[in-house]
Amino acid sequence: MSSMSMGVTVCVRAQGAVSRLLGTSPQKGFSTTAAGTVVDGKLEGGKGAVKEVRKKGVDGRVRSFEEIPHTGKNGWINLVKFWRENRFQQLHKHMERTFNVLGPIYRENVGTLSSVNILLPSDISELFKSEGLHPRRMTLQPWATHREIRKHSKGVFLKNGEEWRTDRLQLNKEVMMSAAITRFLPLLDEVAKDFCRMLQTRVEKEGRGEEGKRSLTIDPSPDLFRFALEASCHVIYGERIGLFSSSPSLESQKFIWAVERMLTTTPPLLYLPPRLLLRVGAPLWTQHATAWDHIFSHAEERIQKAYQRLSSSPSPRSVAGAAEGRYTGVLGQLMEKGTLSLDVIKANVTELMAGGVDTTAVPLQFALFELGRNPEVQDRVRQQVRMSWAQSGGNPQKALQGAPLLKGTIKEVLRLYPVGITVQRYPVRDIVLQNYHIPAGTMVQACLYPMGRSAQVFEHPLRFDPSRWSSNREDGRKGEVTGFRSLAFGFGARQCVGRRIAENEMQLLLMHILLSFHLSVPSSEDLKTTVTLILQPETQPRITFSKL
């Protein structure tokens, strides 16, 4: 969901944006190596083949930071190369190729941003051990600048230090703890069931075949985006917004557009000073700020409704449903408890909503595609889901607990297609990775896409196998060691605040789809992917839904 997010990626879709800003046009055919001056002009190594680096110098010393393999020292030259070679949209592939050439650690400077990139779980473990009490990841400066110029409070995604920790501990109680999950699961389950009923009606009406067993091939992405927004609103605001009706509201469609516009305009602004663009009236900044303004107004409207319910309620506790046994959303819980100011609640609720649409809808596209082109896997997951659902008595929590392959499916999707392709931390002390000295305060990125497809980290890395995450595999083999290998939601105190909402939202929808439909795909060719702020398919996959 969320923050799952957003911002875990240092990537830029700059080709079009920079050309518009600078008045130039992208040039084709300008070719340099990914490894700049370090590698002699060639990218070598096959899929998952990460070259080993010499861990010790001749004298056995720890090597200096400057000795880390790099892709070229001049960040501005690298920025031009990225732009001209369209590496921004293929940053995940660029990282994979560069690891294959330079080994499991390398430095990269692009524009004003510098990072050390790693992919082995042992190194990632060392990184997280040094994150400190107040972990820090890369600040998305365009977002922060928008909050500052509009005088909005910042949510936990943009805060650091003790202020971040104080707010995060309060939010955790409503979105991460087991008691909170128990409260919001029925709301997610209701939306997932309604989605499947809507899809069943559509298949019966538009599909081919005999009545009761029709099939329909569609691009499900628009429906999945509506599902993600409907589910997020139900959990966060405690209200349904009617996106499954035959005529969904224009306001909701505008919200989805605003989120998509915000995501696509963020990356170029990571390398360009937002306040300068604001001063010169650059269209890129205007589009970005306008998108955020609409997202905030959408949140403001629903917060006002919740505030009116709270004010008119004879008992404040009834807003959150405690007095009447009802649960009316994360917002109601936060307002009832009053431990956070209304401005801080608004900031965090807005971030949760902005981060809860694309970052769940897109992985669901990949999940339907992989289940559709792996029918044996689909059958195994469905068999487990049917048994668990029958034994659960309709309790969604029990149903999910009895179907670990569903959770494995989501983990496997996010291994192959991580929403954010990196997780960053700034170590609070000097550390040593691959026998290189990393000074405190250096931005270090765990690169999730190349790690997920590395044969050094995963057995048969390109195979879609949800059971690899299970300790009791059906084939009698133990599951793979999984420490620091599943990081799509981040790790530790700074992991995605919407993680539990997103995980359960995706699992419940897949559960009900598998109970209702057999999935197949017109084409089983690998999907080509691209990066904006998140990883997504270049072309939306078409899925065939056949009623069971």
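The values are calculated or read from the model by the stated rules, or taken from the named source; none is laboratory data. The structure presented is a predicted model; accordingly, all values stated were derived computationally and were not measured. Here the Cβ positions follow ideal geometry from the backbone for every residue, glycine too, while neighbour counts run over all protein chains shown. Heads up: the accessible areas ignore ligands, DNA and RNA and are worked out on the full protein's heavy atoms, side chains in. Shrake-Rupley method; radii C 1.70, N 1.55, O 1.52, S 1.80 Å.
Go through region 422-435 and give me each residue that's buried (at least 18 other Cβ atoms within 10 Å of the Cβ) and of a type in the set (D, E, K, R).
Arg425
Exactly one of (1) open to solvent by less than 20 Å² (accessible area, probe 1.4 Å); (2) more than 19 Å from the chain's Cα centre (by Cα) is unmet by Leu91. Its number?
The single condition Leu91 does not satisfy is (2).
Return yes or no: is Gly209 at positive phi and not aromatic (Phe, Trp, Tyr)?
Here the answer is yes, as Gly209 does meet what is asked.
Kindly check whether there is at least one residue in region 218-232 that is under 18 Å from Ala299 (Cβ atoms), in contact with a Lys or Arg (Cβ under 7 Å, 6 or more places away or on another chain) and at pLDDT below 90.
Checked region 218-232: no residue is under 18 Å from Ala299 (Cβ atoms), in contact with a Lys or Arg (Cβ under 7 Å, 6 or more places away or on another chain) and at pLDDT below 90.
Per-residue answers, yes or no, for (1) open to solvent by 70 Å² or more (accessible area, probe 1.4 Å); (2) out of contact with any Lys or Arg (no Cβ under 7 Å at 6 or more places or on another chain); (3) in a loop (DSSP other than H, G, I, E, B):
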| site | (1), (2), (3) |
| --- | --- |
| Arg382 | no, yes, no |
| Met387 | yes, yes, no |
| Ala399 | no, yes, no |
| Leu405 | no, no, no |
| Thr409 | no, yes, no |
| Gly420 | no, yes, yes |
| Gly441 | no, yes, yes |
| Ala446 | no, yes, no |
| Gln456 | yes, yes, yes |
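Quick one: is Ala493 touching a Ser or Thr at 6+ places or on another chain (Cβ under 6 Å), part of a helix (DSSP H, G or I) and small (Gly, Ala, Ser)?
So Ala493 does not fit the description; no.
So is Pro142 under 25 Å from the mean Cα position of the chain (by Cα), in contact (Cβ under 8 Å) with a residue 12 or more places away in the chain and closer than 25 Å to Leu263 by Cα or not? First the steps, then the outcome.
Values: under 25 Å from the mean Cα position of the chain (by Cα): yes; in contact (Cβ under 8 Å) with a residue 12 or more places away in the chain: yes; closer than 25 Å to Leu263 by Cα: yes.
Yes, satisfied.
In region 133-159, what count of residues is obtained for those that are open to solvent by 60 Å² or more (accessible area, probe 1.4 Å) and out of contact with any Phe, Trp or Tyr (no Cβ under 9 Å at 6 or more places or on another chain)?
Counting residues in region 133-159 that are open to solvent by 60 Å² or more (accessible area, probe 1.4 Å) and out of contact with any Phe, Trp or Tyr (no Cβ under 9 Å at 6 or more places or on another chain) gives 4.
Here is a check on your reading of the model: is Ser130 polar (S, T, N, Q), modelled with pLDDT of 95 or more and open to solvent by less than 10 Å² (accessible area, probe 1.4 Å)?
Values: polar (S, T, N, Q): yes; modelled with pLDDT of 95 or more: yes; open to solvent by less than 10 Å² (accessible area, probe 1.4 Å): yes.
Spelling it out, Ser130 is indeed polar (S, T, N, Q), modelled with pLDDT of 95 or more and open to solvent by less than 10 Å² (accessible area, probe 1.4 Å).
Just to be sure, is Leu515 surrounded by fewer than 20 Cβ atoms within 10 Å (Cβ to Cβ), farther than 28 Å from Thr266 by Cβ and touching a residue at least 40 places away in the same chain (Cβ under 8 Å)?
It is true that Leu515 is surrounded by fewer than 20 Cβ atoms within 10 Å (Cβ to Cβ), farther than 28 Å from Thr266 by Cβ and touching a residue at least 40 places away in the same chain (Cβ under 8 Å).
Restricted to region 197-221, and to residues that are under 34 Å from the mean Cα position of the chain (by Cα) and among the small types (Gly, Ala, Ser), which residue is most open to solvent (accessible area, probe 1.4 Å)?
Across region 197-221, the extreme among qualifying residues is Ser215.
Are there any pairs, at least 6 apart or on different chains, whose C-beta atoms fall under 7 Å, with the first in region 209-230 and assigned to a loop (DSSP other than H, G, I, E, B) and the second among the hydrophobic types (A, V, I, L, M, F, W, C), and if so, which?
Between residues of region 209-230 that are assigned to a loop (DSSP other than H, G, I, E, B) and residues that are among the hydrophobic types (A, V, I, L, M, F, W, C), the close pairs are Arg214/Val203; Pro220/Leu368; Pro220/Ile543.
Take the residues in region 257-297 that are open to solvent by 10 Å² or more (accessible area, probe 1.4 Å) and in a loop (DSSP other than H, G, I, E, B); name whichever of them is nearest to Trp76 (Cα to Cα).
Residue satisfying both the conditions and the ranking: Tyr271.
Going by the conditions given, is Ile236 crowded, with 19+ Cβ neighbours inside 10 Å, free of Cβ contacts under 8 Å to residues at least 60 places away in the same chain and over 22 Å from Gln365 (Cα atoms)?
Working: crowded, with 19+ Cβ neighbours inside 10 Å: yes; free of Cβ contacts under 8 Å to residues at least 60 places away in the same chain: no; over 22 Å from Gln365 (Cα atoms): yes.
No; evaluated as a whole, the condition is false for this residue.
In region 112-127, how many residues are open to solvent by 10 Å² or more (accessible area, probe 1.4 Å), touching a Phe, Trp or Tyr at 6+ places or on another chain (Cβ under 9 Å) and over 14 Å from Val457 (Cβ atoms)?
2
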